[in-house]
Amino acid sequence: MALTAALALGSLPGLVGAREPSPEPPIDAAAFRQVILATLGNRPFEANASFDAAAASAAGLGPATTFVELGPRQVQTADRVTVRLPKQAAGWAWKPPKSTMTGYASFYDYGTTAMRDVPRGTTIVICGKAGCIQRIVNDYGPAKWTGRIIDMYRPDFFLICGCSKGSGTTWVTVKIY
């Protein structure tokens, strides 16, 4: 009974805390002080500085500032660090597949890529006459007696087959990764 009374008194809003809201504290005047940003115009003169009007205009903007663009032979120099990236050959290549299969592919409208001989979650690349696509196997099928190695989602099938919309199967190469 004492516990019930203590819980009832604790839940009453009038007995807990102040009865009126606390006043808002004043905003500190230091929050409104001037901020000075270091720009190119504030730096000391350097030996490689340019006397070109276009290079000088990069220092700052004022109400009477005019914009000048660099000419075709002018180069703007700045004291910035030059980043050197390693040279890469143009292009890229797939890593070698674990195995490759060739055979017929068909389509259906369930939005999945189905193969019987690989587990779900396997990354594959399917290549046909019109190109290649990368997909992840997320269903089992087709049945072995059909003679097909893969069932594909309809848009994917027509993307790689290079055939008319009336076709039901196409010859593909499947690379398994």
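The values are calculated or read from the model by the stated rules, or taken from the named source; none is laboratory data. Keep in mind it's a predicted model, so treat the numbers as computed, not measured. A quick note on method: Cβ atoms are made from the backbone with ideal geometry, for glycine too, and the neighbour counts reach across all protein chains shown.
Which residues, counting only those in the range 134-148, are over 10 Å from Ala114 (Cβ atoms) and β-branched (Val, Ile, Thr)?
Keep residues of the range 134-148 that are over 10 Å from Ala114 (Cβ atoms), which gives 134-136, 143-147.
Matches in the range 134-148: Ile136, Thr146.
If you go through the range 91-131 and keep only what is more than 22 Å from Ser164 (Cβ to Cβ), aliphatic (A, V, I, L, M) and not in a loop (DSSP other than H, G, I, E, B), you end up with Met101, Ala114, Ile124, Val125. Taken over the range 132-159, residues that are part of a helix (DSSP H, G or I) and either among the aromatic types (Phe, Trp, Tyr) or more than 26 Å from the chain's Cα centre (by Cα) (or both) amount to 6. When restricted to residues that are at pLDDT 75 or above and over 15 Å from Gln134 (Cα atoms), the range 84-97 contains 4.
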